[in-house]
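Undergrad: Before anything else, here's the structure in question.
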Amino acid sequence: MNENLFASFVTPMVLGLPLVTLIVLFPSFLFPTSNRLINNRLISLQQWALQLISKQMMNIHNTKGQTWTLMLMSLILFIGSTNLLGLLPHSFTPTTQLSMNLGMAIPLWAGAVITGFRNKTKTSLAHFLPQGTPTPLIPMLVIIETISLFIQPMALAVRLTANITAGHLLMHLIGGATLALMNISTTAASITFIILILLTILEFAVAMIQAYLFTLLVSLYLHDNT
């Protein structure tokens, strides 16, 4: 069981070619665009959820910040659908890869920071030095604020990677324990199987919550810079 503990995090290969590109593009096919006058229940539910999230997330932004609405809604749909698809048996979850999460976090963070320095230069620079700081502490505080600024994308990526990876590892361990206990004690196997079902339900919630948190933090970074 320990030998295959991290097998689900290995990028799948076919004929020596990685399939991660196709896996990343697959969630986009789950959200078709309807040309009908009256939408079906699935598309209506998707539109209702997007309107609710965008209204809650973008109300705090000004006109410049609201231009990011389409990008942020696409981001939450992509991360949420990718996390949910990763819970299927024999599937691969791209969001367990730190490199992919950094690839999403760094450009979005950099775009928000560059927007702030471009449109609100004085305000953005003022964040590095709080008002009323004693003169001897100025160099140290500037260094600390600079480090905290550059840690933001790393924190975004590590948070998403750690939560998704931990949940998958725990499900794998409990599933392996359930199989091992089936030949030893049916009662113990039943208890662990119930725990596995409850954990799976929790992981569905975590998948959506982590997508929302990732997008919300990007939105807050954008709000601080617009």
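Yes/no per residue for (1) surrounded by 13 or more Cβ atoms within 10 Å (Cβ to Cβ); (2) without any contact (Cβ under 8 Å) to a residue 40 or more places away in the chain; (3) in a helix (DSSP H, G or I):
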{"position": "Leu170", "(1), (2), (3)": "yes, yes, yes"}
{"position": "Thr178", "(1), (2), (3)": "yes, yes, yes"}
{"position": "Thr187", "(1), (2), (3)": "no, yes, yes"}
{"position": "Ile197", "(1), (2), (3)": "no, yes, yes"}
{"position": "Ile201", "(1), (2), (3)": "no, yes, yes"}
{"position": "Thr226", "(1), (2), (3)": "yes, no, no"}
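Undergrad: Moving to a separate point now. For the stretch 75-106, enumerate the residues that are free of Cβ contacts under 8 Å to residues at least 24 places away in the same chain, open to solvent by 60 Å² or more (accessible area, probe 1.4 Å) and within 14 Å of the chain's Cα centre (by Cα).
TA: Ser99
Undergrad: Also: Would you say Thr115 is in contact (Cβ under 8 Å) with a residue 12 or more places away in the chain, open to solvent by less than 40 Å² (accessible area, probe 1.4 Å) and within 30 Å of Ile191 (Cβ to Cβ)?
TA: So Thr115 does not fit the description; no.
Undergrad: Looking only at the stretch 133-151, decide whether some residue is surrounded by 16 or more Cβ atoms within 10 Å (Cβ to Cβ), farther than 21 Å from Gly65 by Cα and either in contact with a Cys (Cβ under 7 Å, 6 or more places away or on another chain) or not aromatic (Phe, Trp, Tyr) (or both).
TA: no
Undergrad: Let me ask something else about it. Kindly establish whether Thr135 is farther than 13 Å from Asn225 by Cβ, at pLDDT 80 or above and either of a type in the set (S, T, N, Q) or touching a Pro at 6+ places or on another chain (Cβ under 7 Å) (or both).
TA: no
The values are calculated or read from the model by the stated rules, or taken from the named source; none is laboratory data. The model shown is predicted, which means the values in this text are computed figures rather than measured ones. All Cβ positions, even for glycine, are placed from backbone atoms using ideal geometry, and neighbour counts span all protein chains on display. Surface accessibility is based on the protein's heavy atoms, side chains included, excluding ligands, DNA and RNA. Shrake-Rupley method; radii C 1.70, N 1.55, O 1.52, S 1.80 Å.
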